[in-house]
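Below you'll find the structure, written out as structure tokens, and then a few comments.
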């Protein structure tokens, strides 16, 4: 399942979009893949010497879980230009409303 909704206001110059679905892959400790879309977490920083540990943690936490990301409208300047957002990862007992 993949759901994208957005609202853009020309007067406020604000970007408001939500991306929801299931985590399909975790290739970096500060981001996830929802279907074919890569989302990097806003304001999450991982120390270089802790990247392997952080990646294992994120895979255990997020893989195949339901997720909802509020996108900021930013894109990173790197391969694939991933989107940037604040994400909620739902556990097995959480219910989205």
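The values are calculated or read from the model by the stated rules, or taken from the named source; none is laboratory data. Predicted model only: the values in this text are computed from it and were never measured. Don't worry about glycine lacking a Cβ; one is built from the backbone with ideal geometry, like all the others, and counts go over all protein chains shown.
Regarding segment 34-44, can at least one residue be identified that is surrounded by fewer than 16 Cβ atoms within 10 Å (Cβ to Cβ) and either at pLDDT 95 or above or over 14 Å from the mean Cα position of the chain (by Cα) (or both)? Within segment 34-44 (the criterion being surrounded by fewer than 16 Cβ atoms within 10 Å (Cβ to Cβ) and either at pLDDT 95 or above or over 14 Å from the mean Cα position of the chain (by Cα) (or both)), the answer is no, since none of the residues qualifies. Counting only strands (runs of 3 or more DSSP E) that sit wholly inside segment 26-97, those with at least 3 residues that are under 17 Å from residue 16 (Cα atoms) are 37-41, 66-75, 83-89.
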